[in-house]
1. Take the solvent-accessible surface of the protein heavy atoms, probe 1.4 Å, and return the percent of it on region 237-395 that carbon and sulfur atoms account for.
2. What share of all Cα pairs of region 205-287, in percent, falls into each consecutive 5 Å distance bin?
3. Leaving out same-chain residues fewer than 8 places away, which aspartates and glutamates sit with a Cα under 20 Å from that of K341?
4. Please list R187, R444 in order of solvent-accessible area, largest first, computed with a 1.4 Å probe with all protein chains present.
5. Could you give me D for region 145-289, from Stokes-Einstein at 20 °C and 1.002 mPa s, where the hydrodynamic radius is the Kirkwood radius over C-alpha pairs? Units µm² s⁻¹, please.
6. Going by average Cβ density within 10 Å per residue, which order do the peptides 378-385, 284-291, 350-357 take, highest to lowest?
7. Would you mind giving the three semi-axes, in whole Å and largest first, of the ellipsoid equivalent to region 331-388 according to its Cα gyration tensor?
8. Please state the equivalent ellipsoid semi-axes for region 452-509: what are the square roots of 5 times the Cα gyration tensor eigenvalues, largest first, in whole Å?
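The values are calculated or read from the model by the stated rules, or taken from the named source; none is laboratory data. Please read all numbers here as calculations on a predicted model, not as lab measurements. No Cβ is skipped: glycine too gets one built from the backbone with ideal geometry, and neighbour counts run over all protein chains shown. In case anyone asks, the SASA skips ligands and DNA or RNA and just uses the protein heavy atoms, side chains included. Shrake-Rupley method; radii C 1.70, N 1.55, O 1.52, S 1.80 Å.
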Amino acid sequence: MKQVLISVIGFFSIIQAQAAPVVTPDSNLNDSTRPEPWTIGIALSGGAALGMAHIGVLKVLEEEGIPISYVTGTSMGSIVGGMYAAGYTAAEMDSILTTVEWGTLFSERIPQRRMTLARREEGYRNIVEVTHRWFIPHIPSGVVSLQNVEILLTDLLAEREYDAGYNFDSLVIPFRCVAADVSTGDRKVFSEGSMVEAIRASIAIPAVFSPAEVERTYYIDGGAVQNLPVDPLLAFEPDFIIASDVIRWGPEARNIIDVVTRTMSIITEQNRREQRKLASVVIYPNVDEFMPSDFGRAKELVAAGEQTARLAMPAIKRRLGDVPLAYRRNPLYPRPKPLVKEVRFEGLKVTRIRSLQGLIKVREGDTLDFSDLVADLEALRQTGLFRHVSHELEFPGTNTVNVVYRVEEKDYGLYGLGVYYDNIYGFAVHLEVAQGNLFGSGARLSLTSTLGEPRDARIGLSGARLWRLPFTYRFEAYRNGTKHSQYHDGEWEFDYTTWTWGAETEFGYALGKWGYFMFGYAHRRHFHELPLVAEDTNRSEIVTGPTMRLRASTLDDLFFPNRGFDLALTSKFGLPTPELGEGFLKADLGTQAYFPFGDQIVLGTALGLGFGFDTLSRAELFRLGGTDLFGANEDQFAVPAYLTVRVTLGYKLTELLGNIRYPLRIEIITDIAALDCYEDENNQASSGETQFMGAGFGVSSNTPIGPIRAYIGLSSNRDLSFRISAGIPPRERM
């Protein structure tokens, strides 16, 4: 809440401090009689997503052979300008900045590619999360920390700013960016230090993103004081100045980014007019059909910048005439990397250092590797223990460096809420109370309950590391009530509920970010509430024995994949018990692979194989139907062995909210299965092997609350099924 107040109060203080006139430059600025080749500077305005149009402007200038000698930027213009100054071409920026997931970067969620598979499996367990300290809720500030953006900027710029000696004049192209000092309302023009910190300060939109702290001073978006930074170019004395101004005066607004960006444009309009007077040429990319929050339309915005720049090119060339143009580029040679003298953490209050040291790749005595530095920030971020992580490099000697990781710990208590709906089971509500950093070890103690179907309550302790080693562990006790249906020869007979009391423990090893294996032991007592018409005497079962799980996955989204491969193998050994007599062994193997063809078509294939040795009890049968086999009812097949093959063809219609993470697509699914059907002790349930074929047609989309799906399925027996669902099914969360 403190940062929100700093941001908002500082913004309105700055508004009152506006209106200082800007001095007009020397009249010799554009004197074409000078014999030397002309240097050209470019100023890039703020405008949130609209600033993507600057990339298109730079692409056209490159194609037309008009070299830029100096560059300044505010807000989004500082990102584009900073990357250009660091040596990225306009085409490279187009490739990078139009393909990143801006929705993820501007959220507090950890990007999936930075999470371990075990963390990714938690998925959308909670739609709403509120932290607490000793069970007293902490109301979230609503200000995004921009942690994900910082890590991206560090990846793109950290090594280049080091090679430039942290002097912006020594970059490939000299660079300046603008931010606003919250405490004084003054404009701050960054010319040295960390580019990452400077750009982070320049893009901190008030009341949307948290202020940036640079050398103990808080800064917000430079658009609050100077949205078009032309006069910082004057220190370079360029001969010709191009200003790219992405201004939009439309009244519409979808969210707070649109509102605040529009407000800053209005407040600084007088300053903007003065800045335009300093430019030789002003380019106004046509962004009328876009909003400042349209990051999902980045490619279109780049194209809009290109189109406008091509229209402006004749006027620019007329102004330049036949004057020779200077092509100035500083050679940015790689500097020798220093030896790491010390690695330390600052800001730890609860978390123990030894639980983090195993995550860190940068080691004392090694040569500094910036890719390892970025990996360390990602690893610290993906623990979920910290609200913010950053780094600082201290140079105690010529050839040595101290690497300092600064962390801001979260309130480790958590209240979570998740919701799921489908037309078969109705609503299910998932509630969670957790302590996410027990005794500073990183272990998670949680108490969860699911209201609806299934009815579930459990308490568990889990962790992703054991001291310095990536060992995973889980201890859990639970009570669960799950609804099932009994079928005979494909015909429904009755419904019943299975109540389960159990405890499980697992211990395993993480296989990088993409897999894990776990060994454990499970003890369960099942009670089947069968109706009186059922002649089954095995109403109570005790299943106990060791378990094993192995999973590897490169899927881009575990619950709504578009590309990647997934393999999951589980096995369970049941020891002999008085209720069941002989023991059993069962194994379940599932593989999936998704292949994108262009931007719109996705082909998915899946293979499932399950088999049980000896006699499987009612609780241990494989249950197939519903979304497993289109056209079949839920639990229609309870079998001791199965083989299934699925092919899915998806076509993307559009992207919800303009975000590539939320594709809306139609799908055609075909299922083929061979089922070894279950026979009860009286041989009455079914007999022999059953062949099944089914197909489905549906519409699905990923959303911030999880997948939303609507399907119609038809089996070879002409059985028809319909299903609509929203969210992650509780059964998949367990």
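1. Details: 3950 of 7850 Å².
Heavy-atom surface of region 237-395 belonging to carbon and sulfur, 1.4 Å probe: 50 percent.
2. Bin by bin from 0 Å, the calculated values are 3, 13, 20, 21, 18, 14, 9, 2, 0.
3. Once the sequence-local aspartates and glutamates are set aside, what remains near K341 is E159, D163, E364, D366, D369, D372, D376, E392, E394.
4. On the way: R187 105, R444 60 Å².
Greatest to least solvent exposure: R187, R444.
5. Numbers: Rh = 16.3 Å.
It comes out at roughly 132 µm²/s.
6. Values: 378-385: 20.8, 284-291: 19.0, 350-357: 16.2.
Peptide ranking by packing, descending: 378-385, 284-291, 350-357.
7. Values: eigenvalues 124, 36, 18 Å².
Listed largest to smallest, the semi-axes of region 331-388 are 25, 13, 9 Å.
8. Working: eigenvalues 258, 35, 12 Å².
Largest first, region 452-509 gives 36, 13, 8 Å.
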